1. For LYS23, only one of the following conditions fails: (1) out of contact with any helix residue (DSSP H, G or I) (no Cβ under 7 Å at 6 or more places or on another chain); (2) within 14 Å of SER77 (Cα to Cα); (3) at pLDDT 95 or above. What is its number?
2. Across segment 86-119, which residue is nearest to the chain's Cα centre (by Cα) among those that are surrounded by 14 or more Cβ atoms within 10 Å (Cβ to Cβ) and closer than 30 Å to LYS23 by Cβ?
3. From the set of residues in segment 1-28 that are closer than 18 Å to HIS57 by Cα and among the aliphatic types (A, V, I, L, M), which is surrounded by the fewest Cβ atoms within 10 Å (Cβ to Cβ)?
4. Suppose the filter is over 30 Å from GLU123 (Cβ atoms), at pLDDT below 95 and either polar (S, T, N, Q) or surrounded by fewer than 15 Cβ atoms within 10 Å (Cβ to Cβ) (or both); does GLY62 pass it?
5. Considering only residues of segment 39-59 that are under 19 Å from the mean Cα position of the chain (by Cα) and surrounded by fewer than 13 Cβ atoms within 10 Å (Cβ to Cβ), which is nearest to TYR121 (Cα to Cα)?
6. Run VAL111 past the list (1) without any contact (Cβ under 8 Å) to a residue 24 or more places away in the chain; (2) not in a helix (DSSP H, G or I) and report the number of the one that doesn't hold.
7. Quick one: what pairs do we get from segment 24-52, first residue free of Cβ contacts under 8 Å to residues at least 40 places away in the same chain and closer than 15 Å to TYR83 by Cβ, second surrounded by 14 or more Cβ atoms within 10 Å (Cβ to Cβ) and among the acidic types (Asp, Glu), C-beta under 7 Å, 6+ apart or different chains?
8. Which numbered condition trips up ASP71, out of (1) buried (at least 16 other Cβ atoms within 10 Å of the Cβ); (2) closer than 15 Å to TYR121 by Cβ; (3) of a type in the set (Asp, Glu)?
Amino acid sequence: MTDMRAPTDWLNSYMRRFPHTGKVVDMLLEAKALGKVEWPDWCLLPLAGWLEVVFYHKKPSGGLTLDVIADATNLSSIATWRYTQGVYRFDDDIYQALADTELSGELPCDVLLRLPEPCVYVETQG
């Protein structure tokens with residue numbers, strides 16, 4: 001593993017801004033386990049849950065603003081990633097081959113439902 005500063009810096013920054021994220025996520029996951037709420041198993045927490053995290057901390061008077069939505073969408077990735085903190089890198093030759101591959105037609109999006117972790121960080125070159 002080379003330089004982990006980028007993702008961990010983002011993670012630490014958001015956890016300072018939203019220090020009770022884990023508590024709110026745990027409450028929502030418990031509600032799901034008890035059958036009080038429902039969402040697909042491939043999703044750690046839907047966007048509505050991440051909005052709950054933001055509203056728990058900020059209690060914005062303006063309601064659902066672009067800033068609130070931005071915080072929730074950013075939290076949805078970085079706070080999900082914090083549970084596993086997996087970092088994936090491509091071998092240089094494979095990376096170049098992928099970069100040179102022309103994409104056409106429909107891509108099999110269902111493969112995104114079979115990732116090894118709920119959120120992955122893919123390190124890219126450059």
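The values are calculated or read from the model by the stated rules, or taken from the named source; none is laboratory data. Bear in mind that the values here come from a model prediction, so they are computed numbers and not experimental data. Every residue, glycine as well, gets a Cβ built from its backbone with ideal geometry; the counts of neighbours run over all protein chains shown.
1. (2)
2. Initial filter on segment 86-119 (surrounded by 14 or more Cβ atoms within 10 Å (Cβ to Cβ)): 86-87, 89-90, 95, 117-119.
Those left that are additionally closer than 30 Å to LYS23 by Cβ: 86-87, 117-119.
Numbers: GLY86: 12, VAL87: 13, GLU117: 11, PRO118: 8, CYS119: 5 Å.
The qualifying residue nearest to the chain's Cα centre (by Cα) is CYS119.
3. Among those that are closer than 18 Å to HIS57 by Cα and among the aliphatic types (A, V, I, L, M), it is MET27.
4. Values: over 30 Å from GLU123 (Cβ atoms): yes; at pLDDT below 95: yes; either polar (S, T, N, Q) or surrounded by fewer than 15 Cβ atoms within 10 Å (Cβ to Cβ) (or both): yes.
Taking the combined requirement at face value, the residue satisfies it.
5. Start the filter on segment 39-59 by keeping residues that are under 19 Å from the mean Cα position of the chain (by Cα), which leaves 39-57.
Subset that is surrounded by fewer than 13 Cβ atoms within 10 Å (Cβ to Cβ): 40-42, 48.
On the way: PRO40: 21, ASP41: 20, TRP42: 17, ALA48: 22 Å.
The extreme case among them is TRP42.
6. (2)
7. Matching pairs, first to second residue: VAL24/GLU52; LEU28/GLU52.
8. Status for ASP71: all satisfied but (2).
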